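Below: one structure, written as structure tokens.
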Amino acid sequence: VNKLSNSQTKDMSSAVFKVMGAIIIFCIINAVSLNAQPPPNYETFNRTQKISHDFEVDDLMRIWIVNVGQGDGVIIQMPEKYNYYMGDEYDENSQRVDILIDGGSNDANNAELIGKFINKLYPESDPIIEHTVITHHDRDHILGIIDIAADTNIMLKKFYHNGLATYKPGIHDFPTTYSSNLNAVVSYNSTTKAISRCMAFYDDDGKLYDRNLIQNLSQFKTESNQGNFKGDFADLAKAVVDLSQDNSEITYNRAFIGSSFIMDDYEEFDVEPPLMEIEVIWPADTLQRHGGKSWAKTINGNSVSFNLKYGEFEMLFNGDINKSAQKAQHKYFQQKDKLDILKCDVLKAPHHGSDDIWLDMYDDSTYLPVVTVASMGEGGFSPTGHKHPRPDAIRKLGGFHRFFSTYIHEKTFNWNKMSESTYKGMLEKTRNDILIETDGNWFRVVEVKRNADPNFPPQVEETRRGHGTLWINAKQGD
Ligand SMILES: [Zn+2]
């Protein structure tokens, strides 16, 4: 056995140290460049971008696409300068005006996520949500609202909804057995023909009868107290009606194009009108069925949708609106010569990035948003489930660097390799909250880690490629 001399041992150990040192330095350089490199300036945004932006704190609006699992849960924190409550009626932390749009989640285990997030936003006191928009009453949009109303310290005030309800069969002339000449949107068992739930009757032209729509709180209360509703919708009604017993500020009004909506309160409160407009852009005052007699397509196609304009910044919120409804919406505003209302800087992806949206609309750069944000969870992403988001939708909306989601983001986006079979390897699961910040002149999008304090989101410098954008000018051409 040869024994290594001292000098040989020394040489070897110094070589090992050199290699190890090189590896460590390599790792440090990589970690620094990965963590400290801010998002790039993307030419395809076609807007001026910058790393830092000075804004007045009072001007800042925050829009959260909250990770609620499979479903939608969005919170808009209005700029502080537009608070209603200037006196000491509420303590400081609750003064900001908040708009909640849906609350997730398809999985009942995730129903608490939206309420927990709101409490994280306002840790010092019982939060007040002034406006709640229920885009439509599918489970993945309302379970969290039921949870907030029934089981939390969060105070809800005004509700807006599309008017649709889920009735038990046998109520209001709805039959209990399905027949092909029945002019109503219902769910039924195709073998036994037994009807399980009923939405509305419709005319020959496909318009839904107003008599089946809920218009306001008193009607909601009457129907709920008579036990006419079914399923999750019955739970929602009970929770809202119970809340309204000790709170006279609760309203439950139908929202449609031209109806009274969130900003009308500013007149009521005699606050100087802000540079903000929130306009309902769907449904029209008469609801329509979509996809023939399809329950799912009719409820999605009548999602309450709105355009939020703050200074130069515009964002569209479309619920689960589908292709058929988007086409009808486009036609509606074309006839009114008001198509500009469908343009935006940021698009809340309709229907979780599903392929049942009108993708051809975005071939025309007029309607192509700078950035799209989507909400989805495990159930929506699975290859055996809804397959949200569709590669086609991401591609048409400008590619992954312009598409942020609460569930995934790009690892190494490669346009040419983007296909149904390869895109999954390019992704990593994030389950983050997506934040849009704007002062009405500039905006940015950033992923905020699930367990982080949402009141201290990362600065642009702390955000690396794929996790956010630079500040983007809200004004095209500047
Ligand atoms: Zn949905």
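The values are calculated or read from the model by the stated rules, or taken from the named source; none is laboratory data. Every value quoted in this text rests on a predicted model; they were computed, and no experiment measured them. Glycine gets a Cβ as well: all are built from the backbone with ideal geometry, and neighbour counts include every protein chain shown.
A few remarks follow.
- Residue in the stretch 184-193 that is buried (at least 18 other Cβ atoms within 10 Å of the Cβ), at pLDDT 95 or above and within 26 Å of ASP264 (Cα to Cα) present: no
- For the stretch 348-372, a residue qualifies if it is within 16 Å of the ligand (Cβ to nearest atom) and surrounded by fewer than 24 Cβ atoms within 10 Å (Cβ to Cβ), and the qualifying residues are SER354, ASP355, ASP356.
- Verdict on GLU89 being modelled with pLDDT under 90 and within 14 Å of GLU437 (Cβ to Cβ): no
- Residues of the stretch 162-178 classified as outside any loop (DSSP other than H, G, I, E, B) and either surrounded by fewer than 19 Cβ atoms within 10 Å (Cβ to Cβ) or within 16 Å of the ligand (Cβ to nearest atom) (or both), total: 1
- Inside the stretch 198-229, residues that are in contact (Cβ under 8 Å) with a residue 60 or more places away in the chain, surrounded by fewer than 19 Cβ atoms within 10 Å (Cβ to Cβ) and either in contact with a helix residue (DSSP H, G or I) (Cβ under 7 Å, 6 or more places away or on another chain) or among the basic types (Lys, Arg) (or both) make up a count of 1.
- When ILE114 is tested against (1) under 30 Å from ILE195 (Cα atoms); (2) within 16 Å of the ligand (Cβ to nearest atom), exactly one condition is not met: (1).
- If you check ASN109, ASN181 for being assigned to a helix (DSSP H, G or I) and modelled with pLDDT under 95, only one passes: ASN109.
- Residue-level analysis places ASN318 outside the set of residues that are polar (S, T, N, Q), touching a helix residue (DSSP H, G or I) at 6+ places or on another chain (Cβ under 9 Å) and farther than 26 Å from ARG402 by Cα.
- Positions within the stretch 118-161 being within 16 Å of the ligand (Cβ to nearest atom) and assigned to a loop (DSSP other than H, G, I, E, B), in sequence order: ILE134, THR135, HIS136, HIS137, ASP138
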